[in-house]
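Trainee: The structure is given below, and queries will be raised subsequently.
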Amino acid sequence: MDKILVHGGYPLSGSIKISGSKNSALPIIAATLLTPDPCVLRRVPDLSDTNYMLQILMHLGAEVERASGTVTVKAEKVNSVAPYEVVRKMRASVCVLGPLLGRCKEATVSLPGGCVIGDRPIDLHLKGFEALGAAVRVENGNVKVFAPKLTGAVVNLQGKFGPTVLGTDNVMMAAVLAEGVTVIEGAATEPEVCDLADFLNKMGAKIEGAGTRRIIIEGVKELHGAEHDIIPDRIETGTFLVAGAICGRGITLHRVRPEHVISVTTALAQSGFNVATTANSISVSPNGAHTKPLELTTQPYPGFPTDMQAQMCALLATTEGTSVITEKVFPQRYMHVAELKRMGAQVEIEGATAVIQGVERLYGAPVMASDLRASAALVLAGLKADGVTEIRRVYHIDRGYEHLDEKLSELGAHIERVKE
Ligand code: EPZ
């Protein structure tokens, strides 16, 4: 296993290109199961999660070719069983359920486990499938769905913690081949849901309203192949914006969609950083004055993203004053706090809220990565800390960030990856 050593105190400057979105690529790769025709996906990030999803599709019978960021998938014949040993490593594998149900009218997929950021139920996914006429059975750790025919229906996918991103994706992918019209009320409005709808419409689906809480899908008989460019990764964008805020002299991110990260750029500007955007780039730089503490609450899009909460904790750990972050999406998503405290951060967790007293400095220390975004937060904290921060279990980072250490090195960070 690799570990990452971050030598703190080196200011970042310059520019990098942001990769395609992991959370858009995963459901879009699954959606290629809906047609026997070849599909060409560009800007698919080279991550363990996306490569894992491609392995799942190959297990289901699809032919997959990858040439750098371009992936071609041809699911001419598809089997509908994704067993535990194939899907156990990644919760997002659950989003093959919808396309398998749409294409094969049945699917058996091992239930996703929970993970460190919290329980990861799929009750809303299954509620949507049942509304379309599917019978759902959960047995021996598998979820089985079966429908002699799928019929359009009205279904509300709003859960107690808000809408479900992959649940909206899954029901949309089952509904595109249903007979009649499906209306998803309480739909997730994330850009990744819109990107999936765009791709499905290129395949011949008839979807309106993606990006709003009400998505209308008019079922069609079949879908054909399509080509698609995956949107830029807004969480990678936010992560690098925070890196530039923590220890940047001024960095610019290219190939981004500024409108997808308004909640993050607004927070950084409120704290006192200079943020400048063009149609497809964002620059962040210090403005010389003291930065101010923040009060943030994570919300479904377009609110402040839960996937940026850990990274902001790393920034606010050395922002003078008292900052408060409240997690409304995954209330227990604070695995990074104990590790940040090992580096000298002063953070107290009260229920779903983190109260952060900014400190003068952090100190490099050996720390343990626990999940994708927590790992990124530890790297960011290491950029600022005195001394060397050693981050173990970096496979978490490789799940969701394409060449994070190399990109940070391009910006001037002193960071190296070594064998444990
Ligand atoms: C997606 O997960 C993202 N993953 C997550 O990013 C992200 O944190 C999350 O959305 C929230 O924005 C991908 O897109 C692959 P949800 P998803 O269903 O769809 C509850 C990362 O770091 N819920 O929107 O699985 C759930 O418990 C990852 O890239 C139900 O109650 O999340 C949570 O509290 C981590 N029942 C809330 O809804 C359900 O059936 C939102 O979950 C489904 C979800």
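Trainee: With a ≥ b ≥ c taken as the square roots of the eigenvalues of the C-alpha gyration tensor of region 252-317, please select rounded if a/c is under 1.5 and otherwise prolate if a/b is larger than b/c or oblate if it is not?
Mentor: In terms of gyration-tensor shape, oblate.
Trainee: OK, next. Per DSSP H run of at least 4 residues, take -39500 (n - 2.57); add these up for the chain, divide by its residues and hand me the 222 nm value, nearest 500 deg cm²/dmol.
Mentor: -9000 deg cm²/dmol
Trainee: Sticking with this one: Looking only at region 362-389, which residues have a backbone nitrogen under 14 Å from a spot 7 Å from the Cα of Y395 in the C-beta direction?
Mentor: Residues 369-372 qualify, since their backbone N sits under 14 Å from the label point.
Trainee: Just how large is the dipole of region 236-347 about the Cα centre, in debye to the nearest 20, putting +1 at every Lys and Arg Cβ and -1 at every Asp and Glu Cβ?
Mentor: Its charge dipole is roughly 120 debye.
Trainee: Still on this structure, I have one more. Averaging over every viewing direction, what projected area does the convex hull of the Cα atoms of region 159-312 cover, in nm²?
Mentor: Seen from a random direction, the Cα hull of region 159-312 projects 9.9 nm² on average.
Trainee: Quick check: the distance between the Cα centres of region 111-178 and region 308-340, to the nearest angstrom?
Mentor: When both Cα centres are located, 31 Å separates them.
Trainee: Please give the helix 48-59 orientation as an angle from the longest Cα principal axis of the chain, in degrees from 0 to 90, rounded to the nearest 10.
Mentor: That helix lies at roughly 20 degrees to the long axis.
Trainee: Next question, about the same structure. Filter the cross-link list K74/K206; K74/K127; K3/K407 down to pairs whose alpha-carbon distance in this structure exceeds 25 Å.
Mentor: K74/K127
Trainee: Summing Lys, Arg as +1 and Asp, Glu as -1, what charge do residues with Cβ under 14 Å from the Cβ of M53 carry, M53 excluded?
Mentor: +2
Trainee: Let me know the charge dipole size of region 341-420 about its Cα centre in debye, to the nearest 20, where only the beta-carbon of Lys, Arg (+1) and Asp, Glu (-1) is charged.
Mentor: Once rounded to the nearest 20, the dipole reads 140 debye.
Trainee: Output the relative contact order of the chain, whole-number percent, from Cα pairs under 8 angstrom with separation of 6+ residues.
Mentor: Worked out over the chain, it gives 21 percent.
Trainee: Show me the GluC sites (Glu not before Pro) within region 207-282 that DSSP assigns to loop and that have at most 16 other Cβ atoms within 10 Å of their Cβ.
Mentor: Loop-located and lightly packed - E222.
Trainee: Next question, about the same structure. Would you mind giving the three semi-axes, in whole Å and largest first, of the ellipsoid equivalent to the chain according to its Cα gyration tensor?
Mentor: The equivalent ellipsoid of the chain has semi-axes of 38, 21, 20 Å.
Trainee: Here's a follow-up. Identify the trypsin sites (Lys or Arg not before Pro) of region 220-319 meeting these criteria: DSSP loop state and at most 10 other C-beta atoms within 10 Å of the C-beta.
Mentor: Here the sparse-neighbourhood loop sites are K221.
Trainee: How big is the convex hull of the Cα atoms of region 1-154, per residue, in Å³?
Mentor: Hull volume over Cα atoms, normalised by residue count, gives 166 Å³.
Trainee: Right, something else. Kindly rank 169-180, 128-139 from highest to lowest mean number of other beta carbons found within 10 Å of each residue.
Mentor: The packing order, highest mean first, is 169-180, 128-139.
Trainee: Let me ask something additional. Of all the accessible heavy-atom surface of region 279-385, with the other protein chains kept in place and a 1.4 Å probe, what percent is carbon and sulfur?
Mentor: C and S atoms contribute 51 percent here.
Trainee: On the protein heavy atoms, probe 1.4 angstrom, tell me the percent of accessible surface of region 71-187 carried by carbon and sulfur.
Mentor: 52 percent
Trainee: Per residue of region 267-272, what does 6.51 cos²θ - 1.76 cosθ + 1.60 with θ = phi - 60° give for ³J(HN,Hα)? Whole Hz please, x for Gly and Pro, Karplus curve as stated.
Mentor: 4, 5, 5, 4, 6, x
Trainee: Turning to a different aspect of this structure: Work through the residues other than G272 whose Cβ is under 13 Å from its Cβ and net out their charges, Lys, Arg +1 and Asp, Glu -1.
Mentor: Around G272, the charge tally is 0.
Trainee: Provide the per residue accessible area, probe 1.4 Å, for the chain, rounded to a whole number of square angstrom.
Mentor: That works out to 38 Å² for each residue.
Trainee: Could I ask something else about it? Per-residue counts of other Cβ atoms within 10 Å, averaged by peptide: what ranking do you get for 293-299, 195-201, highest first?
Mentor: With the highest mean Cβ count within 10 Å placed first, the list reads 195-201, 293-299.
Trainee: Shifting gears a bit: In whole percent, what relative contact order does region 277-337 give with Cα contacts below 8 Å and a gap of six or more residues?
Mentor: Contact order relative to length: 37 percent.
Trainee: Mind ranking 66-75, 329-338, 24-33 by how tightly packed they are, going by the mean number of other C-beta atoms within 10 angstrom, highest first?
Mentor: The most tightly packed comes first, giving 24-33, 329-338, 66-75.
Trainee: With a/c under 1.5 counting as rounded, go ahead and sort region 64-202 into rounded, prolate or oblate using the C-alpha gyration tensor (a ≥ b ≥ c being the square roots of the eigenvalues; past the cut-off, prolate if a/b is larger than b/c, else oblate).
Mentor: Rounded.
Trainee: Do you know the relative contact order of region 177-245, to the nearest whole percent, from alpha carbon pairs under 8 angstrom that are 6+ apart?
Mentor: Over region 177-245, the number comes to 36 percent.
The values are calculated or read from the model by the stated rules, or taken from the named source; none is laboratory data. Computed from a predicted structure; not experimentally measured. With ideal geometry, Cβ positions are generated from the backbone for all residues, glycine too; neighbour counts draw on all protein chains shown. Accessible surface is based on the protein model in full, side chains and every heavy atom, while ligands, DNA and RNA are left aside. Shrake-Rupley method; radii C 1.70, N 1.55, O 1.52, S 1.80 Å.
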